[in-house]
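Asker: Dropping a structure here in structure tokens format, bear with me for questions.
The values are calculated or read from the model by the stated rules, or taken from the named source; none is laboratory data. On a predicted model such as this, the values are computed, not experimentally measured, just so you know. With ideal geometry, Cβ positions are generated from the backbone for all residues, glycine too; neighbour counts draw on all protein chains shown. With ligands, DNA and RNA removed, areas are computed over all heavy atoms of the protein, side chains included. Shrake-Rupley method; radii C 1.70, N 1.55, O 1.52, S 1.80 Å.
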Amino acid sequence: MKIVLQAAVTATLLAAAPLANAGSLTLKPIGTVKTGPFRDEDPRAAEINAFDSVGKRIFVVNPLASGLDVIDASIPTAPKVDATVPFIDIVAACEAALGAGCPVKPGAEPNSVSIHGNRMAVALGNAVRTGNGHAVFFELRGSAAPRFLTVVEVGALPDMITFTADGKYALTANEGEPNADYTIDPVGSVSIIEVARLGTPRAVRTVGFERFENPGQRAKLEREGVRIFGPGASVSQDLEPEYIATVGNKAYVTLQENNALAIINIAGATVEKIVGLGLKDHSQPGNALEASDQVAGTPTRIQNWPVHGMYQPDSIHAVTLQGRTYLVTANEGDAREYLGTPGFVEAVRLNNNGNNPPFNRYDLDPVVFPNATELELNANLGRLNVSTATGDLDGDGDFDRIDVFGARSVSILDPQGQVVWDSGELFERIAEANDLLLNPASATPTLFNVTNSANTRRNRSDDKGVEPESVVVGEVNGRTYAFVGLERDGGIVVLDVSEPTAPDYVTYANNRKFPRNPTTGAFLSCATNDCGDLGPEGLTFVPAAQSPSSKALLIVSNEVSSTTTIWELE
């Protein structure tokens, strides 16, 4: 049975996000297709999706199979694997068209898909992850099979691809991650592909960050909060593009690990500037969080702590409202963890005493934190995952500032990358308010900071909370909404952003299940039982005018459960 949850409207939640002027919207899950197995480790079977309004198909990235699963969504209440084209093997399509000249080799993995008109573009990582990847283009032909057009070489590990609104360009965010040993570290970059020139040598220009290499430029970036910390890495190696949003001639690129935003002139293929996104002070009112997974009892312990959240956004969406451009970011957070030799591991528990290699020792400065012994208790901050790359402000080996990954929030930025609004502790409060709604008759809460692969409450309190990862913006009935996918608890949060400097919380919905042993009431394993949607990774908004049902839809791909669910919005 599918369950839709309305957030309990508590006094605390109202204080965090007043509902007086919010639009009215409901989310109803109307159809789900499962295209792979449950994967609690390396979940890469149903990631990003794109919708073809002419063919009424959903194309879902399946990295493990090096292709795209194809879903027939002509009847949104009864989606199914497409009968004509159930799957697109990208390597095979390239080889069939180009023969031995196909540069895409077996083992290459698609990371992202985007559609504009009758063009579909797929970002494909190299089978050797540190090598240059590719953008593969197809012509969509309604109900017929897509036709392979061409392949373009881009930078290393293209993690996201998107078209500009006019379809003139396709851009890839080339993350350029190092290998597991951290002995090979490709440069990060953005490739700009001119669609009209596909098939010619001049179709692509790849923009790197080499102009920021000189010591003065690097020092300036670091002063402004851009994190450059990979062992032995240059600026261009260390910056890792994650996601792209475009408006007009501007591309706004999240540099997640670096806690920064790059602004690129598309036509000129130049980086205009890099903006450090700063820190969120969790000691301030409205920025509270629960910081331990070992708090006794069932009540939540959301409170202010002397820690600073690095916004580190994953996805970003650009929207024009009231004549101005705004950027909406999902502040997931991410740590570098490479376990090869020598490798590099950034995150550590706050109370780590150095006896757990390869993790570094973490000591709090006794002057800044005279209560360090109390903070280091497991029930307080001791279990909290913190960064060893930043926070030692005076270089003496102990930490004067506690930096944690992500901000557990969504932010709205102006075109210069400055925060004009942040959701603060709202998502933590939503999780708290909905804790028992999946099973209100039970004395066992379920949803608060649960992980996405097991039904373990507050499993993520010591890490990044619910982890807002995906965000997409769309208009329904004259109001503009941001839809936010919470990677860990599986929920979708809806914010009315029609007034971008003062958004309103609208609703929360979840298609997750918590199966229990009928005799003991104990939670059952999601590996062998249906836990519904787990791990929302890719969100696509379909306006009513392009929907097969003439109602606005939200399509959500869930990487852990390998499910793609269609939600009806009204």
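Asker: In terms of the Cα gyration tensor, with a ≥ b ≥ c the square roots of its eigenvalues, is the stretch 84-195 rounded because a/c is under 1.5, prolate because a/b exceeds b/c, or oblate?
Answerer: In terms of gyration-tensor shape, oblate.
Asker: Where Rh is the Kirkwood radius over the Cα pairs of the stretch 167-224, the temperature 25 °C and the viscosity 0.890 mPa s, what D in µm²/s does Stokes-Einstein return?
Answerer: In µm²/s, the coefficient is 180.
Asker: Ordered by residue, what ³J(HN,Hα) values in Hz, to whole numbers, does the stretch 287-298 give under the Karplus form 6.51 cos²θ - 1.76 cosθ + 1.60, where θ = phi - 60° and Gly and Pro are x?
Answerer: In residue order, the calculated couplings are 10, 6, 7, 8, 10, 9, 9, 10, 6, 6, x, 8 Hz.
Asker: Along the charge dipole of the chain, which of Gln418, Thr84, Thr563 sits closest to the positive end, that is, farthest toward it, with unit charges on the beta carbon of Lys, Arg, Asp and Glu (+1, +1, -1, -1)?
Answerer: Of the candidates, Thr84 comes out farthest on the positive side.
Asker: Return the subset of Lys34/Lys464; Lys105/Lys168; Lys220/Lys464; Lys250/Lys273; Lys168/Lys273 for which the Cα-Cα distance in this structure is over 20 Å, preserving the input order.
Answerer: Cα-Cα > 20 Å for Lys34/Lys464; Lys105/Lys168; Lys220/Lys464; Lys168/Lys273; rest within.
Asker: Still on this structure, please answer the following. Quote to one decimal, in nm, the extra length available between Arg223 and Glu475 on full extension: 0.36 nm per residue of separation minus the C-alpha distance between them.
Answerer: Full-extension gain reported as 86.8 nm.
Asker: Does the stretch 38-118 come out rounded, prolate or oblate, given a ≥ b ≥ c as the square roots of the eigenvalues of its C-alpha gyration tensor, rounded meaning a/c under 1.5 and, failing that, prolate meaning a/b above b/c?
Answerer: oblate
Asker: Just want the answer: with Cβ charges of +1 for Lys and Arg and -1 for Asp and Glu, which residue in Tyr481, Leu279, Gly406 is farthest toward the dipole's positive end in the chain?
Answerer: Tyr481
Asker: If one puts a single equal scatterer on every Cα of the chain and applies the Debye formula without solvent, what log₁₀ I(q)/I(0) results at q = 0.07 Å⁻¹?
Answerer: Debye output, listed in q order: -0.38.
Asker: If you don't mind, there's one more thing I want to ask. Taking K and R as +1 and D and E as -1, what net charge do the other residues with C-beta under 13 Å from the C-beta of Ser525 add up to?
Answerer: Local charge sum for Ser525: 0.
Asker: Right, something else. Rounding to the nearest 20 debye, state how big the charge dipole of the stretch 344-472 is about its Cα centre with +1 on each Lys and Arg Cβ and -1 on each Asp and Glu Cβ.
Answerer: Once rounded to the nearest 20, the dipole reads 660 debye.
Asker: About the Cα centre, and with charges only on the beta carbon of Lys, Arg (+1) and Asp, Glu (-1), how big is the dipole of the stretch 35-183? Nearest 20 debye, please.
Answerer: 560 debye
Asker: Express in nm, to one decimal, how much length is gained between Asp396 and Glu374 on full extension, taking 0.36 nm for each residue of separation and deducting their alpha carbon distance.
Answerer: 5.7 nm
Asker: So what is the calculated 222 nm ellipticity per residue for the chain, using -39500 (n - 2.57) for each DSSP H run with n of 4 or more, over all residues, to the nearest 500 deg cm²/dmol?
Answerer: That comes out to -1500 deg cm²/dmol.
Asker: Right, here's the next one. For Lys28, go through the lysines and keep the ones whose alpha-carbon is under 26 Å away, minus same-chain ones fewer than eight residues off.
Answerer: The qualifying lysines are Lys2, Lys56, Lys80, Lys513, Lys551.
Asker: Counting Lys and Arg as +1 and Asp and Glu as -1, each charge on the Cβ, what is the dipole of the chain about the Cα centre in debye, to the nearest 20?
Answerer: It works out to roughly 1620 debye.
Asker: Now a separate question. Highest mean first, how do 37-45, 367-375, 133-141 rank when packing is the count of other Cβ atoms within 10 Å averaged over residues?
Answerer: Packing order, densest peptide first, comes out as 133-141, 37-45, 367-375.
Asker: Shifting gears a bit: Quick one: with all protein chains in place, what share of the accessible area of the chain is carbon or sulfur, to the nearest percent (1.4 Å probe)?
Answerer: The nonpolar share, carbon plus sulfur, comes to 50 percent.
Asker: So what is the orientation-averaged projected area of the stretch 467-570, using the convex hull of its C-alpha atoms, in nm²?
Answerer: Answer in nm², one decimal: 7.7.
Asker: Check Val476: other-chain or 5+ apart residues with amide H under 5 Å from its amide H, H built from backbone geometry?
Answerer: Under 5 Å from the amide H of Val476 lie the amide H atoms of Tyr481, each far enough along the sequence or on another chain.
Asker: Another one. I'd like to check one number: the per residue accessible area of the chain, probe 1.4 Å, reported in Å² as a whole number.
Answerer: With all protein chains present, the chain gives 36 Å² per residue.
Asker: Enumerate cysteines in the chain without a disulfide-compatible partner, where compatibility requires another Cys Cβ under 4.7 angstrom.
Answerer: Unpaired cysteines in the chain: none, every one has a partner Cβ under 4.7 Å.
Asker: Could you please report the charge total around Ile184, scoring K, R as +1 and D, E as -1 over all other residues with beta-carbon less than 12 angstrom from its beta-carbon?
Answerer: Net charge around Ile184: -2.
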